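Have a look at the structure below before the remarks.
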Amino acid sequence: MGTTRVKLVDLSAENQNNEKKPKNKKASKESHPQSPETTADGGQAKEPEVVKVASIENAEIKTEGTEEKSAPTQKVETKKAVSKKPNKAKKVRSKKYKDVSELVDKNQIYAAKDALELLRKTSIAKFDPTVEIHLNVADKSIRGKVTLPHAVSQKKKEKKYLVLSEKKTDAKNVIWGDEKTIAQIEKGELKPGKDFDAVVTAPKYMPQLARVAKILGPRGMMPNPKNGTITEDPSKILSGEGDDLFEYKTDPTAPVVHTKIGKLSFGNEQLWENLKVLISSIGINKIKKATISSTMSPGIKFDAATVGK
């Protein structure tokens, strides 16, 4: 049985050698004449069949009785390095904390007075802890000042006041102003936070101050009757009588008010009176959730609506 001869021509090599081939094709053929090959029985062998392939490495040759395949190329799969975020370390609670936490039913919302009673049972601090209040509210811009029946210490700093009033005093760190001063704020010539820290005004200047409400409001400097900054007699605030006002405000990142109502040593009656004034100032309708706790103790959910009862 005869065999089939196949001649492979590598096109990639052919393309590379195109420049090396002589331009005179006739001269090339004459200098290298091809003689026909013969078979064993004297017959003339058939010319090999020319098969052009893109690359000999990946060529697949088939003959009548044989089958040859090039070695398959190995594919190397590379996996992208996946950066894993480090797991946040969980808070390690002490055995005492875990024990007192069992006293609090997490699914129950307690009455305010019951929460105060339970607060003392869950305290594990060896010092006089601060009683903290956490209120989820409906508005991100809630802020105000109240006079608590039992004073809670706050860090104080010397303030620069802008006072719009005809009644002037000898108080220091005061800018006395009028309608022209409001125009300066509007033009940016007088800047809140830089030139003054608080605004106190007589009631008659409030309509003009409405023009700069967008400037003073976001900084919490718009006068408000609740914190005593709208008054005919500014001498009380300027003399320091208003320093006992307790300030509260929402967190900058969420509609939550974090504040305090005293120390655990105050007694339930004193804490109750401070809590009642605070809740009344904010408004029960604005409070969605309420939690009370002391330093290092678990939180206790309570119903803010039961504070006035």
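The values are calculated or read from the model by the stated rules, or taken from the named source; none is laboratory data. Bear in mind the structure is a predicted one, so any value in this text is a computation, not a measurement. Every residue, glycine among them, receives a Cβ derived from its backbone with ideal geometry; neighbour counts consider all protein chains shown. Accessible surface areas use protein heavy atoms only, side chains included; no ligands, DNA or RNA. Shrake-Rupley method; radii C 1.70, N 1.55, O 1.52, S 1.80 Å.
Filtered by the rule that a residue be buried (at least 19 other Cβ atoms within 10 Å of the Cβ) and not small (Gly, Ala, Ser), segment 99-114 gives VAL104, TYR110.
The set of residues in segment 120-137 that are over 19 Å from ILE287 (Cβ atoms) and either in contact with a strand residue (DSSP E or B) (Cβ under 9 Å, 6 or more places away or on another chain) or surrounded by 12 or more Cβ atoms within 10 Å (Cβ to Cβ) (or both) comprises ARG120, THR122, SER123, ILE124, ALA125, ASP128, PRO129, THR130. Considering every residue within segment 199-215, establish whether at least one is within 27 Å of GLU132 (Cα to Cα) and touching a residue at least 12 places away in the same chain (Cβ under 8 Å). No, segment 199-215 has no match at all.
Being closer than 27 Å to VAL256 by Cα, open to solvent by 30 Å² or more (accessible area, probe 1.4 Å) and free of Cβ contacts under 8 Å to residues at least 60 places away in the same chain holds for only one residue in LYS140, LYS159, LYS168, LYS172, and it is LYS159.
Scan segment 195-212 for residues that are open to solvent by less than 40 Å² (accessible area, probe 1.4 Å) and either in contact with a helix residue (DSSP H, G or I) (Cβ under 6 Å, 6 or more places away or on another chain) or over 22 Å from LEU148 (Cβ atoms) (or both) and the total you get is 8.
Selection within segment 273-295: residues that are in contact with a helix residue (DSSP H, G or I) (Cβ under 6 Å, 6 or more places away or on another chain) and surrounded by 20 or more Cβ atoms within 10 Å (Cβ to Cβ). The member of this set that is nearest to LEU135 (Cα to Cα) is ALA290.
Against the criterion of being more than 34 Å from the chain's Cα centre (by Cα), open to solvent by 30 Å² or more (accessible area, probe 1.4 Å) and more than 30 Å from GLY193 (Cα to Cα), GLU117 qualifies.
Every residue, every condition in (1) under 17 Å from SER141 (Cα atoms); (2) modelled with pLDDT under 95, yes or no:
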{"site": "ASP244", "(1), (2)": "no, yes"}
{"site": "THR259", "(1), (2)": "yes, yes"}
{"site": "ILE284", "(1), (2)": "yes, yes"}
{"site": "THR291", "(1), (2)": "no, no"}
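Here THR259 meets each of (1) within 31 Å of the chain's Cα centre (by Cα); (2) in a helix (DSSP H, G or I) with one exception, condition (2).
Filtered by the rule that a residue be over 10 Å from LEU264 (Cβ atoms) and either not in a strand (DSSP E or B) or not hydrophobic (A, V, I, L, M, F, W, C) (or both), segment 117-140 gives GLU117, LEU118, LYS121, THR122, ILE124, LYS126, GLU132, HIS134, ASN136, ALA138, ASP139, LYS140.
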